[in-house]
1. Would you be able to say whether some residue in segment 12-35 is modelled with pLDDT under 95, surrounded by 10 or more Cβ atoms within 10 Å (Cβ to Cβ) and assigned to a loop (DSSP other than H, G, I, E, B)?
2. How about segment 1-11: which of its residues are out of contact with any helix residue (DSSP H, G or I) (no Cβ under 7 Å at 6 or more places or on another chain) and within 12 Å of residue 30 (Cα to Cα)?
3. Quick one: residue 57 ticks every box in (1) modelled with pLDDT of 85 or more; (2) loosely packed, with under 10 Cβ neighbours inside 10 Å bar one, so which box is it?
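The values are calculated or read from the model by the stated rules, or taken from the named source; none is laboratory data. It should be emphasised that the depicted structure is a prediction, and the values quoted were computed from it without experimental measurement. Methodologically, a virtual Cβ is constructed for each residue, glycine included, from the backbone with ideal geometry; neighbour enumeration extends over all protein chains shown.
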């Protein structure tokens with residue numbers, strides 16, 4: 001058993017990475033948080049690829 005970082009209870013927890021930090025969160029705490037965050041955030045991998053292309057100069061800005 002691990003202690004939940006949100007409620008402090010010793011229960012089975014899920015390890016979640018948030019802002020580069022790893023947290024132990026129990027399912028009871030995670031479900032409301034996941035529902036609240038549903039549809040928000042951004043896709044990290046795609047943004048990193050676009051930023052990488054812009055740094056390389058492989059893409060051109062166009063006005064359409």
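1. Yes: one or more hits.
2. 5
3. Just one mismatch for residue 57, condition (1).
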